[in-house]
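Read-outs throughout are calculated quantities, based only on the coordinates presented, and are distinct from any laboratory measurement. Here the structure is a predicted model, which means the values were calculated and not measured. Glycine gets a Cβ as well: all are built from the backbone with ideal geometry, and neighbour counts include every protein chain shown.
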Amino acid sequence: MTANTGQQDVVDILTTDHHEVLELVQQIPAADPAQRRDMADTVIAELMRHSVAEEMYVYPAMKDHLPDGEAAVQHDVEEHQQLVERMKELESVDSADPRFLEVLGRLEALLRDHVSDEENEQFPALRARLTREQLVEIGGKVQTAKKAAPTRPHPSAPHSELFHKLVGPGVGMVDRLRDSLTGRQNQR
């Protein structure tokens, strides 16, 4: 094996995603309604890409390597579904409507709980059980998956590795086309 110096591992990549999205969420209330919509759309797109990539590559690793991996993944999938439902709700509320910030607050609370579980329990457990090379390899797969992943919430889509690998790139392509045609923000 060769050393992977200078390459980020999956934990670093996902932790950075968490912090950047949470920072953006905190900036939304102070923005004007047009900026709020763009910022919220960016948050939604980033969270969708992140979640799909986790389900494709991180959750299988958790199942295989963590003693309570199956239960942890089940818990995380349930949280992902709740996040998707809040994102769908946020999409449907006008950014000038007072309910917008209420929905954003509920999304943020769910996200903070999810991030806490991952960063305080699951990520350290993965680091303890996988080699640096394995973590960097998964990180590369996650980065690649994020490029093709959907950018919009699809509450009725399954949260499965197989679905994301077979159908996800097509859904992602359609989402990015819709984003382009409507001028919707989908990147930081």
Query - From the coordinates shown, Cα extents along the principal axes in Å corresponds to which of [x] 53, 50, 27; [y] 64, 36, 34; [z] 53, 33, 31 - result: [z]
Query - Within straight-line cross-link reach of Lys165, lysines at Cα separation under 20 Å, skipping those fewer than 8 residues along the same chain - result: Lys63, Lys141, Lys146, Lys147
Report summary line: Most exposed to least, judged by fewest other Cβ atoms within 10 Å, Asp9, Asp64, Asp117 sort to Asp64, Asp117, Asp9
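Kindly put Thr182, Thr144, Thr151, Thr15 in sequence by how many other C-beta atoms sit within 10 Å of each C-beta, fewest to most. Please list the in-between numbers first.
On the way: Thr182 8, Thr144 13, Thr151 25, Thr15 16.
Taking fewest neighbouring Cβ atoms as first place, the list is Thr182, Thr144, Thr15, Thr151.
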Requested in this report: Enter the angle in degrees (range 0 to 90, nearest 10) between the Cα long axis of helix 69-92 and the first principal axis of the Cα atoms of the chain, meaning the one along which they spread out most.
Outcome: 20 degrees
Query raised in the report: Among Ser116, Ser51, Ser156, what is the fewest-to-most ranking by other Cβ atoms within 10 Å?
Result: Ser156, Ser116, Ser51
Requested in this report: Would you give the gap between the C-alpha center of the range 103-154 and the C-alpha center of the range 158-188, rounded to a whole Å?
Outcome: 18 Å
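About its Cα centre, what dipole magnitude does the chain give when the only charges are +1 on Lys and Arg Cβ and -1 on Asp and Glu Cβ, stated in debye to the nearest 20?
Working: 21 positive and 34 negative charges, 138 e Å.
Value, rounded to 20: 660 debye.
Show me 95-101, 16-22 ranked by packing, highest mean number of other Cβ atoms within 10 Å first. Intermediate results must be reported in sequence, preceding the final value.
On the way: 95-101: 13.9, 16-22: 16.1.
Sorting 95-101, 16-22 by mean packing, highest first, produces 16-22, 95-101.
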Report task. Give me the distance in nm between label points sitting 7 Å out from Cα along the Cα-to-Cβ direction at Glu78 and Arg99, one decimal. Result -> 2.7 nm
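I need the per residue convex hull volume for the range 3-72, using only the alpha carbons, in cubic angstrom as a whole number. Kindly include the intermediate steps, with their values, before the conclusion.
Details: hull volume 7.9 nm³, N = 70.
In the range 3-72, the Cα hull volume divided by residue count equals 113 Å³.
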Report summary line: In degrees, nearest 10, the alpha-carbon axis of helix 33-53 is tilted away from the dominant principal axis of the alpha carbons of the chain by 20 degrees
Report task. Per DSSP H run of n ≥ 4, the term is -39500 (n - 2.57); total these for the chain, divide by its residue number, and report the mean residue ellipticity at 222 nm rounded to 500 deg cm²/dmol. Result -> -23500 deg cm²/dmol
